[in-house]
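We did not get these values from a lab; they are worked out from the coordinates using the rules stated. Since we're looking at a predicted model, the values are computed, not measured. Using ideal geometry, Cβ is built from the backbone for each residue, glycine included, and neighbour counts are taken over all protein chains shown.
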Amino acid sequence: MKKRIAFHTVGCKLNFSETSAISKLFNEKEFEIVDFKDDADFYVLNTCTVTKNAEKKCRQILSKVHNQRQDAKIIAVGCYSQLKPEDFKQIEGVSLVLGSEDKFKINDYLEQIETSEIQINECSGLTKDFHSAYSIGDRTRTFLKIQDGCDYFCSYCTIPLARGRSRNAHSEEIVKQVKEIAQKGSKEIILTGVNVGDFGRSTNEKLIDLLKKLDEVEGIERFRISSIEPNLITDEIIKFISVSEKFMPHFHIPLQSGNNKILQLMKRRYDLDLFTERVRVIKSLIPEASIGIDVILGFPSESISDFESTFNFIENIDISYLHAFPYSERENTNALKIADSVPQSERYRRCNEIISMGEKKKKSFIQKSLGNELNVLYEANNSKNKLHGYTSNYIRVETQYNKDVINKVVKVKLLEILENGNVLANFVN
């Protein structure tokens with residue numbers, strides 16, 4: 001009888017791609033992969049440690065699983081497991097803890113969890129190897145890992161401690177994987193990593209060269225870059241995307257602060273002038289491009305004046321949407337040495353102000369596209385007889401259900417913004 005195993009992911013798109021790769025390690029003759037909500041013999045959680053809330057979410061998920069299936073074996077893997085393996089001793093029901101390297105050797109450890117005592121594998125060493133990974137969900141969009149680790153050591157971030165130094169697969173291996181994904185029927189690939197723009201450090205290549213190779217692969221109609229640092233998005237990359245038919249006019253560029261003093265304290269590798277110039281170049285070459293940013297509020301020593309300068313900077317720059325997060329203290333980071341901590345309540349207040357402003361900017365960006373005819377890739381999920389998908393510049397649209405357009409790129413006309421934030425669209429004959 002097959003053993004039943006379930007997987008769940010907390011965190012980034014990179015984690016999702018790796019969870020999919022881990023699930024492929026289990027022989028179909030011995031294991032049946034089931035939904036995380038279903039009864040299973042093994043539950044595997046790929047964890048995240050980027051914030052306190054992410055860690056809390058991981059603990060809650062593991063406790064809930066144990067309460068529902070006390071006889072199941074529960075396994076925690078990934079970044080949180082790597083940095084704080086001892087935390088899992090406090091979570092009843094966890095059987096095995098594996099760090100960033102050993103999560104890809106999970107099969108080697110299954111026999112260790114036949115006993116009731118928790119097994120914590122040594123998580124002190126950081127891997128120097130690159131483990132390829134890509135996710136195949138509804139077949140419409142695939143997350144492909146092209147890079148891992150980071151050499152930047154921003155003062156608030158533990159990811160280099162959890163994932164090690166920057167490294168990547170060779171471009172030829174990535175091209176091979178893209179061809180495999182195309183054969184599986186996926187039409188869009190999102191290139192993921194910890195610091196995607198740093199691709200090529202371990203293979204003496206450049207990201208632009210990889211993009212040009214991927215542009216020539218048949219079968220994939222769309223590519224997106226999940227995120228790229230401002231100092232690594234070159235004019236050459238922007239110009240290439242502006243003329244490519246496959247690389248979408250969609251950029252996600254971490255800002256983190258709109259104040260140069262705070263950027264320096266964060267150990268970021270750019271200033272506001274550089275960021276402004278990157279946005280200017282993108283918009284000059286691709287006026288319809290969508291630009292998303294990340295911003296952290298309430299960083300140590302961020303005064304009211306510093307926050308206001310961040311607010312004003314974002315309000316006056318031509319972005320399309322944003323993700324805002326309250327600063328979260330992380331152990332073993334240099335930010336803990338900075339005086340003048342901002343109260344939690346004030347961090348959330350500033351965060352909410354930025355989010356509110358970001359919603360207005362997103363609505364303004366979408367309104368400029370109403371009435372236009374744009375290409376949309378429709379997803380397989382069916383919600384209340386509706387179809388959903390994204391335009392090339394990352395506007396989520398909603399259309400009446402039509403099975404004939406699932407996983408196809410079709411032209412639609414954008415009509416109006418709905419209450420749920422999606423855009424109502426009609427097919428163009």
ask   = With the calculation restricted to Cα positions, what are the radius of gyration and Dmax of region 236-318 in angstrom?
value = 14.1, 45
Under 17 Å from the GLU288 label point (7 Å along Cα→beta-carbon), backbone N, region 198-231 = 222-224
Other-chain or far-sequence residues with amide H under 5 Å of PHE143's (modelled H) = SER135, ILE190
message = Neighbour counts of other C-beta atoms within 10 Å: give me SER341, SER186 arranged from fewest to most.
response = SER341, SER186
query = If contacts are Cα pairs under 8 angstrom and at least 6 residues apart, what is the relative contact order of region 373-427 in percent?
reply = 35 percent
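Work out how much length ILE304 to GLN344 would gain on full extension: take 0.36 nm times their residue separation and subtract the Cα-Cα distance, in nm to one decimal. Intermediate values should be presented prior to the final figure.
Numbers: separation 40, 0.36 × 40 = 14.40 nm, distance 1.40 nm.
Length difference between fully extended and current span is 13.0 nm.
Set the Förster radius R0 to 51 Å, insert the Cβ-Cβ distance between LYS37 and ASN332 as r into 1/(1 + (r/R0)^6), and round the FRET efficiency to 0.05.
For R0 = 51 Å, the calculated efficiency reads 0.90.
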query = Measuring from centroid to centroid over Cα atoms, what is the spacing of region 323-393 and region 259-281 in Å?
reply = 19 Å
ask   = Given +1 on the Cβ of Lys and Arg, -1 on the Cβ of Asp and Glu, and no further charges, what dipole in debye does region 373-427 carry about its Cα centre, rounded to the nearest 20?
value = 140 debye
ask   = Counting other Cβ atoms within 10 Å, which chymotrypsin sites (Phe, Trp or Tyr not before Pro) in region 212-276 have at most 11 and lie in a DSSP loop?
value = none
note = Of every Cα-Cα pair in the chain, the percentage lying beyond 35 Å is 32 percent
remark   = With +1 at each Lys and Arg Cβ and -1 at each Asp and Glu Cβ, the charge dipole magnitude of region 17-171 around its Cα centre, to the nearest 20 debye, comes out at 780 debye
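Restricting to Cα pairs below 8 Å that are 6+ residues apart, what does the relative contact order work out to for the chain? Please round to a whole percent.
Values: 856 pairs, mean separation 43.3, N = 429.
Answer for the chain is 10 percent.
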key: Mean ellipticity per residue at 222 nm, deg cm²/dmol - from DSSP H runs of n ≥ 4 across the chain, formula -39500 (n - 2.57)   = -9000 deg cm²/dmol
ask   = If we sort 129-135, 351-357 on the protection proxy, mean other Cβ atoms within 10 Å, highest first, what's the order?
value = 129-135, 351-357
remark   = Diffing region 74-79: the Karplus 3J(HN,Hα) column from phi (6.51, -1.76, 1.60, θ = phi - 60°), in whole Hz with x for Gly and Pro, holds 10, 10, 10, 10, x, 5
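Grab the Cα-Cα distance for ASN107 and GLN367, subtract it from 0.36 nm times how many residues apart they are, and report the gain in nm with one decimal.
On the way: separation 260, 0.36 × 260 = 93.60 nm, distance 5.06 nm.
That pair, ASN107 and GLN367, stretches by 88.5 nm at full extension.
Among 5-14, 372-381, how do they line up by average Cβ neighbours within 10 Å per residue, starting with the highest? Could you put the intermediate results ahead of the total?
Numbers: 5-14: 21.2, 372-381: 17.7.
Packing proxy ranking, top to bottom: 5-14, 372-381.
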request  = Starting from the Cα-Cα distance between LYS206 and ILE355, subtract it from 0.36 nm times their residue separation and give me the gain in nm to one decimal.
outcome  = 50.2 nm
